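Structure first, then comments.
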Amino acid sequence: MFSASLFAAGSNARGQLATGDTEDAHHLLPCIFTGHAPGTLPNHIAAVEQVACGANHTLALLRSNDGKTELWGCGDGSRGQLGPSYIAHTENGNDDACTVFRQLELPPQITGVGSLDGFTVRLIAAGWETSYVALSHPERSDVLLSMGANDFGNLGVGASGADRSNLRIHAVDFSSVLSTEETRSGATLRILSLSAGPHHTVVRCSCNFSDGSSRVFLTGWGAARHGQVGPILNAGGRPVPSTSTPHLIPVDSPEDMTAIALGNQHTVCLRSSGHLHALGSNRKDQVSGVESLTAVTQVGCTWNGTYALLESGEVIATGSNTHSQLGRGAEAHERQHTLAAVRFPFALAPGQVSRLACGSEHVLCILDRSSECVKPEVWGWGWNEHGNLGTGGTDDVKVPVKIWPPPPVHAATEEIVGDVVDVWAGCGTSFILVRGR
């Protein structure tokens, strides 16, 4: 059985930490799954595959012992971002209903798709007040569901989805980015990756034909003024503010991409060659010089910055430093114009940073110093107004500090034993999965 605990810290105004209340958490606290003790995952769960964070809501993708996946959520669902089943549970006057993770049920039928029988949830993502769920079926094309706000065309289903009275689940139609031949041939669509920023979404897809050939493409929608989903111009030749349906993003060799990260107004793609390709705004130096980097193994974006992990072990950053999120020790008001390394208190060796997770304006990483007989640790830096770095305070953190294992100052964490499994960072929130308790 998978013995693990999920912990969270940070902004919690709508219960998005699933800690059983709506108070910000300045220390890492155990998350609660409905019907289970704090810090305890459901007995039938074998793994936590993903955590995705919106403005005030959180999605969790869990995998059960029999290999099936389950979608769970907590926090604000008032705009439909957690689906109709969540609204039914939380609109009964129970103020605590949104402060714990509860399983989200998808309807048996979806307009434009038909029956969801045989589909399984494979990927999740969250925008500001919008959620995305990618489903797979062994004999049918993948399906992307969207639910929640549509302020910038976030749902990907056209402007009509903005009607607040229609809090339903939508299916994104990719026919606009498929050729007539692909549509008529019955080719199978596969969703390879799913990424969401606050108000734009990028999906990498593969259109697979019966003869074994395929076409990989990048598509996006939502906020578009800065070119974050590619150049989209109106009749007057000016960038459109947003696009509410999938738009083909013109990039070279999309089949060569291994990861895609989104900020507020920019998009960064990692290629298998270790090079980066950037789209969108550079007003805050968020993509300055990133395409000159080589040997990149991971990439992440805060709202206004880009972070790259190199084969050498260094973490390189560029962008806004208003909350010391570049991790260089510089004062927050000092503008940083060039790419530079995040300043850890020791030299990083290749392979020591195994995971990089970027939140709105803070960054977490898993650091493995096993060669020094140290168990895997979580280090973090940047914006900390809501206590999201779990330091016990709310001062921004100028350089990386160890935040897990935490000092034994809080009853919820002082008896933790085991290794860090994964980390996720959201809008002033942090989540850490720990094996063993």
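When residue 215 is tested against (1) under 27 Å from residue 53 (Cα atoms); (2) in a strand (DSSP E or B); (3) not hydrophobic (A, V, I, L, M, F, W, C), exactly one condition is not met: (1). Considering only residues in the range 92-104 that are in a loop (DSSP other than H, G, I, E, B) and among the polar types (S, T, N, Q), the one that is modelled with the highest pLDDT turns out to be 99.
In the range 67-94, the residue that is surrounded by the fewest Cβ atoms within 10 Å (Cβ to Cβ) out of those that are without any contact (Cβ under 8 Å) to a residue 12 or more places away in the chain and within 20 Å of residue 55 (Cβ to Cβ) is 91.
Taken together, the residues in the range 283-298 that are surrounded by fewer than 17 Cβ atoms within 10 Å (Cβ to Cβ) and assigned to a loop (DSSP other than H, G, I, E, B) amount to 3. Note on the range 7-32: residues that are buried (at least 21 other Cβ atoms within 10 Å of the Cβ) and either in contact with a Cys (Cβ under 9 Å, 6 or more places away or on another chain) or modelled with pLDDT under 95 (or both) total 11. Could you list, in sequence order, the residues of the range 174-208 that are surrounded by fewer than 22 Cβ atoms within 10 Å (Cβ to Cβ), touching a residue at least 60 places away in the same chain (Cβ under 8 Å) and more than 18 Å from residue 269 (Cβ to Cβ)? 176 - this is the single residue of the range 174-208 that is surrounded by fewer than 22 Cβ atoms within 10 Å (Cβ to Cβ), touching a residue at least 60 places away in the same chain (Cβ under 8 Å) and more than 18 Å from residue 269 (Cβ to Cβ). Restricting attention to the range 207-227, the residues being under 21 Å from the mean Cα position of the chain (by Cα) and either over 26 Å from residue 240 (Cβ atoms) or among the polar types (S, T, N, Q) (or both) number 1. The listed residues are 212, 230, 237, and the only one of them that is small (Gly, Ala, Ser) and within 30 Å of residue 363 (Cα to Cα) turns out to be 230. Scanning the range 421-437 for residues that are assigned to a strand (DSSP E or B) and modelled with pLDDT of 95 or more turns up 421, 422, 423, 424, 425, 429, 430, 431, 432, 433, 434. Tell me, please, whether a residue that is aliphatic (A, V, I, L, M), more than 25 Å from residue 433 (Cβ to Cβ) and in contact with a strand residue (DSSP E or B) (Cβ under 9 Å, 6 or more places away or on another chain) can be found in the range 100-110. Looking for residues that are aliphatic (A, V, I, L, M), more than 25 Å from residue 433 (Cβ to Cβ) and in contact with a strand residue (DSSP E or B) (Cβ under 9 Å, 6 or more places away or on another chain), one finds at least one in the range 100-110, hence yes. Here 269, 301 are screened, and the one residue that is in contact with a Cys (Cβ under 7 Å, 6 or more places away or on another chain) and assigned to a strand (DSSP E or B) is 301. Of all residues in the range 344-358, those that are on the phi < 0 side of the Ramachandran plot have Cβ atoms under 6 Å from Cβ atoms of residues that are modelled with pLDDT under 95 and assigned to a loop (DSSP other than H, G, I, E, B), 6 or more apart or on another chain, in 352/368; 354/368.
Scanning the range 46-66 for residues that are touching a residue at least 40 places away in the same chain (Cβ under 8 Å), part of a loop (DSSP other than H, G, I, E, B) and more than 23 Å from residue 262 (Cα to Cα) yields a total of 1.
The values are calculated or read from the model by the stated rules, or taken from the named source; none is laboratory data. Values in this document were obtained by computation on a predicted structure and should not be read as measured data. Counting neighbours? That spans all protein chains shown, and the Cβs are built from the backbone with ideal geometry, glycine included.
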